[in-house]
Amino acid sequence: MKYQRGWQAENEEHYKAHRREYLQKTGNAGSKKYEKTPKGYLMRSYRNMESRVKGIQKAGSWTGKEILPREDFYEWALNNPTFLRLFRDYEASSYDRKLAPSPDRIDSSKGYALENMRWLTHSENSARAKSNAKLTRDQVLAIRAVWMPGMNSALAKRYGVTYQNIEAIVKRRTWRDL
């Protein structure tokens, strides 16, 4: 029995290594092509939502919140005229990320529930998130002016945000226009 499990594990590692090599060689073309279909796009969108809720992607206001079941999300989206229109526009733009459909939580203090969701473009959703930011332009500039290594937690506490927010501000992953 131990021999068989060892053999399976060895084969599994071989398979994973072969799969990684194949995906690198092909540029993950199969998945990329599938993600350009409505169902593929929704699969990726749900996976991203799920990662946020579980705290896998990064911690934020969505971590630990409710998330609707996958099949309910697919059904809602595929029967939603706004999603269908946005997806057609996204396709017509040759998949310009700014025009990609983006599930938005209307009330960011709540989770991903049907009554709290709508579709916006990625660009609209990003602008909305920025307008709902906890920090002002002056606070962001002040953080950058005083920041030194090891200060993330203290600044986060001072401004009521996470240390990841401070890191993103300092590294200009957010508030790039300042």
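The values are calculated or read from the model by the stated rules, or taken from the named source; none is laboratory data. Remember, predicted model here, so these are calculated numbers, not experimental data. For neighbour counting, all protein chains shown are included, and Cβ atoms are generated from backbone atoms with ideal geometry for every residue, glycine included.
General remarks:
- In the set 102, 94, only one residue is assigned to a loop (DSSP other than H, G, I, E, B), under 18 Å from residue 40 (Cα atoms) and at pLDDT 85 or above; that residue is 94.
- Residues that are small (Gly, Ala, Ser), modelled with pLDDT of 85 or more and loosely packed, with under 13 Cβ neighbours inside 10 Å, drawn from the stretch 53-91: none
- Scope the stretch 105-118; condition of a type in the set (A, V, I, L, M, F, W, C) and more than 20 Å from residue 43 (Cβ to Cβ); matching residues: 106
- Filter result for residue 74 (in the same structural domain as residue 54 (by TED's automatic domain parsing), part of a helix (DSSP H, G or I) and closer than 22 Å to residue 54 by Cα): yes
- Residue list for the stretch 145-178, filter: hydrophobic (A, V, I, L, M, F, W, C), surrounded by fewer than 15 Cβ atoms within 10 Å (Cβ to Cβ) and closer than 25 Å to residue 127 by Cβ: 178
- Residue check for residue 113: assigned by TED's automatic domain parsing to the domain that holds residue 43 and not charged (D, E, K, R): yes
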